[in-house]
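A quick write-up on the structure given underneath.
The values are calculated or read from the model by the stated rules, or taken from the named source; none is laboratory data. The structure displayed is predicted, hence computed values, not measured ones. Because the Cβ atoms are built from the backbone with ideal geometry, glycine has one as well, and the counts that use them run over all protein chains shown. What goes into the accessible areas is simple: the full protein's heavy atoms, side chains included, and nothing from ligands, DNA or RNA. Shrake-Rupley method; radii C 1.70, N 1.55, O 1.52, S 1.80 Å.
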Amino acid sequence: MIKKLVLHPDRLFSSDENIRNVARVLYQKVKDLPIISPHGHTDPSWFSQNTAFENATELLIKPDHYVFRMLYSQGIALEDLGISTTENTEVETDSRKIWHILAKNYYLYRGTPSRMWLDTVFFEVFNFEVVLSEETADHYYDTINAALATDAFKPRALFDRFKIECLSTTESPLNDLAEHKAINDSDWNGRVISGYRPDPVVDPEYEGFVSAVKHFGEITDEDTSTFSGYLSAHRKRRTYFKAAGVTSTDHGHPTAQTAYLVKAEIEALYAIVISGKASPEQAELFRAHMLTEMAAMSIEDGLVMQIHPGVYRNHNQGVFKQFGRDKGADIPLQTSFVEQLKPLLDKYGTNPELTLILFTLDETAYSRELAPLAGHYPCLRLGPPWWFHDSPEGMRRFRQQTTETAGFYNTVGFNDDTRAFLSIPARHDVARRMDCNWLAELVCDHRLELDEAEELAVELAYTLAKKAYKL
Amino acid sequence: MIKKLVLHPDRLFSSDENIRNVARVLYQKVKDLPIISPHGHTDPSWFSQNTAFENATELLIKPDHYVFRMLYSQGIALEDLGISTTENTEVETDSRKIWHILAKNYYLYRGTPSRMWLDTVFFEVFNFEVVLSEETADHYYDTINAALATDAFKPRALFDRFKIECLSTTESPLNDLAEHKAINDSDWNGRVISGYRPDPVVDPEYEGFVSAVKHFGEITDEDTSTFSGYLSAHRKRRTYFKAAGVTSTDHGHPTAQTAYLVKAEIEALYAIVISGKASPEQAELFRAHMLTEMAAMSIEDGLVMQIHPGVYRNHNQGVFKQFGRDKGADIPLQTSFVEQLKPLLDKYGTNPELTLILFTLDETAYSRELAPLAGHYPCLRLGPPWWFHDSPEGMRRFRQQTTETAGFYNTVGFNDDTRAFLSIPARHDVARRMDCNWLAELVCDHRLELDEAEELAVELAYTLAKKAYKL
Amino acid sequence: MIKKLVLHPDRLFSSDENIRNVARVLYQKVKDLPIISPHGHTDPSWFSQNTAFENATELLIKPDHYVFRMLYSQGIALEDLGISTTENTEVETDSRKIWHILAKNYYLYRGTPSRMWLDTVFFEVFNFEVVLSEETADHYYDTINAALATDAFKPRALFDRFKIECLSTTESPLNDLAEHKAINDSDWNGRVISGYRPDPVVDPEYEGFVSAVKHFGEITDEDTSTFSGYLSAHRKRRTYFKAAGVTSTDHGHPTAQTAYLVKAEIEALYAIVISGKASPEQAELFRAHMLTEMAAMSIEDGLVMQIHPGVYRNHNQGVFKQFGRDKGADIPLQTSFVEQLKPLLDKYGTNPELTLILFTLDETAYSRELAPLAGHYPCLRLGPPWWFHDSPEGMRRFRQQTTETAGFYNTVGFNDDTRAFLSIPARHDVARRMDCNWLAELVCDHRLELDEAEELAVELAYTLAKKAYKL
């Protein structure tokens, strides 16, 4: 049965008429605001080269681990979805056939944010009027591919159409930011900046760490066989990134542990880690110390610091061996912040130059640790609900559990953190709707006046992100 | 004051008119579906012998630790409730007097699921029209007892009246399933199967473990003094259970820890555990290894595997000494799954023959660990909210916290896990109402279309459990 | 822009008309009930001396760490708020100027309970009709100060106006309760009692512990160089407190750990702790043992025992050094109760004379541990949502997560735990509104009858606290 695709104008607003009416009023104030996307993982070459996207499957299935993990969880082999293997063994290459798998199993996404994002993309970007299903799979596949071949669907055109004011990608210090420079040098006005993500040269457990640190020395002309040379390499590279428009750093550690070792200790530890022989405890201690060093450098150069901790990466051994990283098998871990952040905060927590934005996948920390910390320390801000919690219920819980202790002004608005470029407006729209609905609830049980809610709606949708990330 | 007993037809539905109207429509689709009860602890002899239940107190108070724990928590002695002691010291034997204690204290259950289940039993099964209270205690006691003496209230008649399509009990491998065979051999058509629950021969800390393992060897004609003989005993007994209609196993460990030891290590460990001298760490390691072995056997024989971890059993030392196990003193513990399940998943997590259903009493794992795991691994499914969370608010939180990441199709519908036979329809009804209400919420804020919700309501109430448990 | 200050009569009630109507009915039953405030930190000298409060800043900003922590978190220096330093270095002394800082930044409190409490104080106590802002700052400052100078705003007059039936402060055993005795001896009828809070002589990590224990011996005429003398000192001092009207003890430990050591062990440990050389582990073990001793004494003397665990005190090192304790830098920690409380419960958990009220800042323990424990052990009761969770959302989560397993009657009503005297009626009003709203929800989805909800509303607002604290 072919069903009409509907995006209801009141979607995500409460069915309670009082709340819905207020939410509508608030949403009108923010729905057309430009998008600030201060943290994500889109590919800068899309915007430097502005090549047309290949086809529906390459654009919407293969790069989106939210999408293919659900199919995999229900027994569909990653090979059948065309996910390439580390040894380049044979996988499905018929993109239309892969698209049909998604279409046939589209019911699996019921109730998930992926479903909402995809439907929004289908409706808003491609103007589909019917729901994706087996019957409509070819219609979808052909329509999307035809659209992608036109200029209006090239990356820069979509960026402009999406009203993105600033988009930040994330790069390793080893990256030369050539794509970003090409964008800057082009006649296109889109603002695409990077973020300094030093994990490959900070995490001794990162694949290729030892050689990465060597290479890090070469490109910065510093002697990274010594800790002081290594720190200088960071300083130089941060300056290089900053010169290319970067305003933030990002740190994706397994925990939020920080530390501060005295000179002799950190130098001895550094010698071990660059030998490639660090134990897991030593690796953890090195990462912990480096967060504090990064905070010191942020105070010097003004880059806003972000910590994204608490993920067990590549949990599925079989999938990791066969298909490599980022295949939907990253699983959150219990994450604590109170004792973990103390060494860094003892050293720099009262410095007015520092901004440190905290994220978590462990929602138990919201009310217990993160809101109390952010409601006290001037340097701390709470990042939006992240990853699995970038969802209506995730956003609801975030506001319910952080607002009363941290307030709104110790949060930093929304960021999408996505690789799926087309979903960016859909994701920001979900955040704007959920925040408007939350504000409407506060108005309707008289915890907030309407004019306050109107101001806050704009702050949450636009201003707070811009301020926090110095954009 | 005698009050009218009312079971409102809209109970548990939102008071929001939009949501309630949709919930009503959905509930009409599922309210009369047969009951699949794939996991519980009812007594199979009820159905093999079909003897009348004794009286209201023996049926509704003494076997129900939900009921007597609340009375105990408010200072009523277990002796006064007729709970028998391990040393057979004197306890109250006047069942009518015990029934009066419940009646007098019935207000204590306000807001609890026990209250809702009991009232449903009183209204639906016994047709009471007044609320239980001191004034109505005798009326209740006499009416219930009179009813129980009739054929219409014998176990098989109630089973049929409750429209139970399949009921699974849970037995130790040492059980010969004589009751189940008697049921099978009878002229009654009710389907009552067992579940393979090997804790008494898998958990070295279980009372009587050493002699149980010996006995396990005798009944299977295997040499359980060796680990390979012990594994063979499991294989044979699983086959025996399967032949009696069993489709699942169940494992009630203190944690979700799994492990996989090499041959020499597990043989050495086995020698220690069957000597009765295992340390707590060795006992934990043995249980952990055995979960992985059980997964291997499930791949062989197709039995669906369930893990129910994270309970501190018999926490109240005084009560345990005086009254023994299962006296309402089991308390949940923090429970993690990510690192704990990895050894098992590394070995068998991508095997398409495995189904592993996970339960928890630690709701913090829902959004952080369980939904991400089930939303990725093909073998994993999420069991319904369990035990203390088999309740309206518990069900609400389960759906709110798992749906967005795991979807609906990585869950397995409802199971009641109860010893209280009469409460089975009441419990399934609560689950059906809460799921319909949740789906109605998604329809009303436009996250789901009505026709999708109608399909899902049936899946959640009936089909998913049937499929997951291979019934 | 000057805005009208409105306290909506339906504030905190659901915007759903059905629920709101029931909530209104329930609230009418409780809104004027006297206030039982069985646990807090107000200053007894206010009531013994009955001196007029100094000015708006001294009354409403400086003693309220909820208020100044939010300003501090947004970069306003504590010096600029007139918070005095440990070394008495210069800080802002112009109270009007400090008041202007609050006024200018009043928007930061949007959505926080502080905002609601302050507005309630402004409206109800001082009759303001405009919202606090830069424009109205002087009007506020002058009006408040003028009022404070009058007899009607002296502490005793406010106490009477607030309809406080009983207020409990908290004092160290070293305190002679002179203020409380003066209150008792006065011609004023207000009931202001203390609570026995022995942390300074129980926690080896408390500043000045060693000399405090010596002093403890002196004032009790016991030899606190021996453990038995130390216990006798406690017994005497508890008797002294009890004679002054005290009905409860309170214990603010970093964890809920309890222990029970044999005589030789605890004597050896005691010798170490009073030498001032206890390791952190020894300090923890001593505190743990002492909780069990305190339970034993509670059984003897009938004092109700409270545990407030799980706070990392004075987390901000810089602030602690410069400004000292209690500066808004206390951060909650993960807190578990199941294994931690077992030693105490093994010893005294079934004793009918013991009442032990548990609090937590780790909401994850509500449904997992605290409700199951309180729903079983006769001695255990759940304290209300505490500190950061003394808020609308915090109260909502508490009831949602504890009611189904612990019921209502294993909870103890509300207590404000505040230093901010003027906020006491506002805080109790929030609790009454939120409880009425929760009961109204249960009525509206037919989990509770209206007459039951009416009874419960009174229990939660008044009776349960009075009973649990023996007031």
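When you go through A:ILE76, A:ILE83 one by one, which is the residue that is within 14 Å of chain B (Cβ to nearest Cβ), touching a helix residue (DSSP H, G or I) at 6+ places or on another chain (Cβ under 8 Å) and closer than 30 Å to A:ALA182 by Cβ? Talk me through it step by step, then tell me what you get.
Working: A:ILE76 fails: closer than 30 Å to A:ALA182 by Cβ.
Among A:ILE76, A:ILE83, only A:ILE83 is within 14 Å of chain B (Cβ to nearest Cβ), touching a helix residue (DSSP H, G or I) at 6+ places or on another chain (Cβ under 8 Å) and closer than 30 Å to A:ALA182 by Cβ.
Considering each of C:GLU441, C:GLU455, C:GLU449 in turn, give the residue that is among the acidic types (Asp, Glu), within 12 Å of chain B (Cβ to nearest Cβ) and touching a residue at least 12 places away in the same chain (Cβ under 8 Å). If you could, list the steps in order and put the result at the bottom.
Values: C:GLU455 fails: touching a residue at least 12 places away in the same chain (Cβ under 8 Å); C:GLU449 fails: touching a residue at least 12 places away in the same chain (Cβ under 8 Å).
None of the other options fit; the residue is C:GLU441.
Would it be correct to say that C:GLY302 is at positive phi, assigned by TED's automatic domain parsing to the domain that holds C:GLU363 and of a type in the set (Gly, Ala, Ser)? Step through it out loud before you land on a result.
Values: at positive phi: yes; assigned by TED's automatic domain parsing to the domain that holds C:GLU363: yes; of a type in the set (Gly, Ala, Ser): yes.
So C:GLY302 passes the test.
Of the conditions (1) within 12 Å of chain C (Cβ to nearest Cβ); (2) over 30 Å from A:TYR312 (Cβ atoms), A:ALA461 fails just one. Which one is it?
The single condition A:ALA461 does not satisfy is (1).
Of all residues in the stretch C:7-22, count the ones that are aliphatic (A, V, I, L, M) and either modelled with pLDDT under 95 or out of contact with any Cys (no Cβ under 8 Å at 6 or more places or on another chain) (or both). Spell out the reasoning first.
If we filter the stretch C:7-22 for residues that are aliphatic (A, V, I, L, M), which is where we start, we get C:7, C:12, C:19, C:22.
Still in the running and either modelled with pLDDT under 95 or out of contact with any Cys (no Cβ under 8 Å at 6 or more places or on another chain) (or both): C:7, C:12.
Total satisfying the criteria: 2.
Failed condition for A:THR150, given (1) in contact with a strand residue (DSSP E or B) (Cβ under 8 Å, 6 or more places away or on another chain); (2) farther than 27 Å from B:ARG447 by Cβ; (3) not charged (D, E, K, R), with all others met?
Status for A:THR150: all satisfied but (1).
Only one of these conditions is not met by B:ARG427: (1) within 14 Å of chain C (Cβ to nearest Cβ); (2) touching a Phe, Trp or Tyr at 6+ places or on another chain (Cβ under 9 Å); (3) more than 28 Å from B:PHE153 (Cα to Cα). Which number is it?
Here B:ARG427 meets the rest and fails (3).
Within the stretch A:83-96, does at least one residue satisfy the condition of being closer than 24 Å to B:PHE408 by Cβ, outside the structural domain of A:ASP429 (by TED's automatic domain parsing) and part of a helix (DSSP H, G or I)?
no
Which one of the conditions (1) surrounded by fewer than 20 Cβ atoms within 10 Å (Cβ to Cβ); (2) away from chain A (no Cβ under 14 Å) does B:ASN351 fail to meet, given that it meets all the rest?
B:ASN351 satisfies all of (1) surrounded by fewer than 20 Cβ atoms within 10 Å (Cβ to Cβ); (2) away from chain A (no Cβ under 14 Å) except (2).
What number of residues within the stretch C:4-19 are more than 18 Å from C:ASN127 (Cβ to Cβ), more than 9 Å from chain A (Cβ to nearest Cβ) and part of a loop (DSSP other than H, G, I, E, B)? First the steps, then the outcome.
Of the residues in the stretch C:4-19, the ones more than 18 Å from C:ASN127 (Cβ to Cβ) are C:10, C:12-19.
Within this subset, residues satisfying the condition of being more than 9 Å from chain A (Cβ to nearest Cβ) are C:18-19.
Cutting the leftovers down to part of a loop (DSSP other than H, G, I, E, B) gives us none.
Number satisfying all stated conditions: 0.
Are any residues in the stretch C:1-16 basic (Lys, Arg) and surrounded by fewer than 11 Cβ atoms within 10 Å (Cβ to Cβ), and if so, which ones? Full working, then the answer.
At the first step, the residues of the stretch C:1-16 found to be basic (Lys, Arg) are C:3-4, C:11.
Residue satisfying the conditions is C:LYS4 alone.
Check whether at least one residue in the stretch C:359-379 is within 13 Å of chain B (Cβ to nearest Cβ), of a type in the set (Lys, Arg) and closer than 25 Å to C:PRO9 by Cα, and report yes or no.
So in the stretch C:359-379, the residues within 13 Å of chain B (Cβ to nearest Cβ) come out as C:362-379.
Still in the list and also of a type in the set (Lys, Arg): C:368.
Cutting the leftovers down to closer than 25 Å to C:PRO9 by Cα gives us none.
No - not one qualifying residue is present in the stretch C:359-379.
Tell me, please, whether a residue that is closer than 21 Å to B:LYS214 by Cβ, within 23 Å of the chain's Cα centre (by Cα) and either modelled with pLDDT under 95 or in the same structural domain as B:SER228 (by TED's automatic domain parsing) (or both) can be found in the stretch B:270-288.
So far as the stretch B:270-288 goes, yes, one or more of its residues are closer than 21 Å to B:LYS214 by Cβ, within 23 Å of the chain's Cα centre (by Cα) and either modelled with pLDDT under 95 or in the same structural domain as B:SER228 (by TED's automatic domain parsing) (or both).
Taking B:ILE35 as meeting all but one of (1) closer than 18 Å to B:ASP416 by Cβ; (2) within 12 Å of chain C (Cβ to nearest Cβ); (3) under 21 Å from the mean Cα position of the chain (by Cα), write down the number of the exception.
Status for B:ILE35: all satisfied but (2).
Filter the stretch B:326-338 down to residues that are in contact with a Phe, Trp or Tyr (Cβ under 8 Å, 6 or more places away or on another chain), closer than 21 Å to B:GLU284 by Cα and at the interface with another protein chain (Cβ under 7 Å from one of its Cβ atoms), then give me how many there are.
Of all residues in the stretch B:326-338, those in contact with a Phe, Trp or Tyr (Cβ under 8 Å, 6 or more places away or on another chain) come to B:327-333, B:338.
Still in the list and also closer than 21 Å to B:GLU284 by Cα: B:330-333, B:338.
So of that shortlist, the ones also at the interface with another protein chain (Cβ under 7 Å from one of its Cβ atoms) come out as B:331-333, B:338.
Qualifying residue count for the region: 4.
Please pick out the residue among B:ARG432, B:ARG419 that is more than 12 Å from chain A (Cβ to nearest Cβ) and modelled with pLDDT under 95. It would help to see each step written out before you state the result.
Details: B:ARG432 fails: modelled with pLDDT under 95.
Just one listed residue meets the conditions, B:ARG419.
Failed condition for C:TYR206, given (1) assigned to a helix (DSSP H, G or I); (2) free of Cβ contacts under 8 Å to residues at least 12 places away in the same chain, with all others met?
Going through (1) assigned to a helix (DSSP H, G or I); (2) free of Cβ contacts under 8 Å to residues at least 12 places away in the same chain one by one, C:TYR206 breaks only (1).
Within the stretch B:33-67, restricting attention to residues that are among the small types (Gly, Ala, Ser) and outside any loop (DSSP other than H, G, I, E, B), which residue is surrounded by the fewest Cβ atoms within 10 Å (Cβ to Cβ)? Walk me through how you get there before you give the answer.
Start the filter on the stretch B:33-67 by keeping residues that are among the small types (Gly, Ala, Ser), which leaves B:37, B:40, B:45, B:48, B:52, B:56.
From what's left, outside any loop (DSSP other than H, G, I, E, B): B:37, B:45, B:48, B:56.
Working: B:SER37: 28, B:SER45: 16, B:SER48: 21, B:ALA56: 23.
So the residue we want is B:SER45.
Given the condition within 21 Å of the chain's Cα centre (by Cα), closer than 30 Å to A:ALA453 by Cβ and either charged (D, E, K, R) or in the same structural domain as A:ALA178 (by TED's automatic domain parsing) (or both), answer yes or no: does some residue in the stretch A:105-119 qualify?
Yes.
Please specify each residue of the stretch A:441-462 satisfying the condition of being assigned to a helix (DSSP H, G or I) and either basic (Lys, Arg) or under 27 Å from the mean Cα position of the chain (by Cα) (or both). Walk me through how you get there before you give the answer.
Filtering the stretch A:441-462 for residues assigned to a helix (DSSP H, G or I) gives A:441-444, A:450-462.
Across the stretch A:441-462, the qualifying residues are A:ALA453, A:GLU454, A:GLU455, A:LEU456, A:ALA457, A:VAL458, A:GLU459, A:LEU460, A:ALA461, A:TYR462.
Select the helices (runs of 4 or more DSSP H) contained entirely in the stretch B:105-190, then report the ones holding at least 2 residues which are open to solvent by less than 50 Å² (accessible area, probe 1.4 Å) and within 14 Å of chain C (Cβ to nearest Cβ).
Working: elements: B:113-120, B:137-148, B:155-161, B:178-185.
Counting at least 2 such residues, we get B:113-120.
Quick check on C:VAL213: is it open to solvent by less than 10 Å² (accessible area, probe 1.4 Å) and touching a Ser or Thr at 6+ places or on another chain (Cβ under 8 Å)? Show your work before the answer.
Values: open to solvent by less than 10 Å² (accessible area, probe 1.4 Å): yes; touching a Ser or Thr at 6+ places or on another chain (Cβ under 8 Å): yes.
So C:VAL213 passes the test.
Hey, does the stretch A:403-416 have a residue that's within 14 Å of chain C (Cβ to nearest Cβ), over 14 Å from the mean Cα position of the chain (by Cα), surrounded by fewer than 24 Cβ atoms within 10 Å (Cβ to Cβ) and of a type in the set (A, V, I, L, M)?
no
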